[in-house]
Each structure stands twice: as C-alpha cells, then as structure tokens.
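The values are calculated or read from the model by the stated rules, or taken from the named source; none is laboratory data. It should be emphasised that the depicted structure is a prediction, and the values quoted were computed from it without experimental measurement. Glycine also receives a Cβ, built like all others from the backbone with ideal geometry; neighbour counts cover every protein chain displayed. Calculation scope for accessible area: heavy atoms of the full protein, side chains included, ligands and nucleic acids excluded. Shrake-Rupley method; radii C 1.70, N 1.55, O 1.52, S 1.80 Å.
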Amino acid sequence: KLGLAGELMVLKYEESKLKEYGIHKKVEHISMTIGDSEGYDIKSYDKTGNVKYIEVKTTTGGIQTPFFLSSNEVEFSRSHSDSYQLYRIYDLDLRTGKGNLYILTGDISQILELIPKSYLATGDIFLE
C-alpha cells in the first residue's frame, strides 16, 4: 500500500512534468503493467524526450529513514546509470497522499551505502 501510494504520487508528478515540457509521450507504470522484476517502477522522459527509468522508494518516516533495494534494482541502476533515477519519497502521509521528494541520479551503488541484509542459501549438501 505504501509503495503504491508513492508510485502514484510520482506518476502524477511525471505526467505534469511532461505536460510542462510539451512532450507527448506516455508515462508508464511498469511495476503494474509488467511487474516488479524489471528493476524500476516507472518509465518516463526528460525535458529533451530521452527515456528515464525511475525506481520509487517510499517511507512514512523522515529523510534519514532507511529503505530496501533489491540486488536487481541496484544492478539495473549500474547498467542504466545514464538514464536511471531513484525517487525517494519520505514523510508520506497516507491520508493526504502528500510527502517530500528527493531524486538521486545514476548508479546508486556509487551514491548510497548499501548494507546486505539477506542471502540466498543453496548448496550440494541437500543432494547427499
């Protein structure tokens, strides 16, 4: 619910920006139409019409509140650093749908401190 609220906020923001720029392209809510496996949530465009891939991370806490990223999201930011943006929504009020926003651009592994929190366990031990 929280993540979707943030994504809807960003969709409206991006649609208004494209209108302001006079760009007649559609903002796509990728996490809803394709799913969460793409490495980003929203496909939009900058003021010159170039594609930008947007990952949205939302919390009700303040600007310092940690948030989770998948390894797929981090890798996507690396491989698409020239067109990747992380929209960080914080202090989101679910009743009003309003919050604060900052935007990080590029390879997020070079911008944020990433702390591993889970591991995939596998091994040949299960075959014996």
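Counting only residues that are in a strand (DSSP E or B) and more than 25 Å from GLY49 (Cβ to Cβ), which one in the stretch 90-128 is most open to solvent (accessible area, probe 1.4 Å)? Among residues in the stretch 90-128 that are in a strand (DSSP E or B) and more than 25 Å from GLY49 (Cβ to Cβ), the one most open to solvent (accessible area, probe 1.4 Å) is LYS98.
This table checks each residue for (1) open to solvent by 50 Å² or more (accessible area, probe 1.4 Å); (2) modelled with pLDDT of 95 or more; (3) among the acidic types (Asp, Glu).
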residue	(1), (2), (3)
LEU2	yes, no, no
LYS19	yes, yes, no
VAL27	no, yes, no
MET32	yes, no, no
ASP36	yes, no, yes
LYS43	yes, yes, no
LYS52	no, yes, no
VAL56	no, yes, no
THR59	no, yes, no
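Contact map, the stretch 78-103: residues that are touching a residue at least 40 places away in the same chain (Cβ under 8 Å) and under 16 Å from PRO66 (Cβ atoms) paired with residues that are of a type in the set (Val, Ile, Thr) and open to solvent by 60 Å² or more (accessible area, probe 1.4 Å), Cβ distance under 7 Å, separation 6+ or inter-chain. Pairs shown: LEU92/THR60.
For the stretch 31-51, residues that are under 11 Å from the mean Cα position of the chain (by Cα) and either polar (S, T, N, Q) or under 16 Å from SER79 (Cβ atoms) (or both) total 5.
Selection of the stretch 78-89 for residues being hydroxyl-bearing (Ser, Thr, Tyr) and part of a loop (DSSP other than H, G, I, E, B) yields SER81, SER83.
For the stretch 70-77, check the following and say yes or no: at least one residue is part of a loop (DSSP other than H, G, I, E, B) and at pLDDT 95 or above.
no
Pairs are defined by a Cβ separation below 6 Å, a sequence spacing of at least 6 or placement on different chains, a first member in the stretch 1-29 that is without any contact (Cβ under 8 Å) to a residue 24 or more places away in the chain, and a second member that is open to solvent by 70 Å² or more (accessible area, probe 1.4 Å) and outside any loop (DSSP other than H, G, I, E, B); the pairs so defined are VAL27/GLU15. For the stretch 12-26, the set of residues classified as in a helix (DSSP H, G or I) and under 21 Å from the mean Cα position of the chain (by Cα) consists of LYS12, TYR13, GLU14, GLU15, SER16, LYS17, LEU18, listed by residue number.
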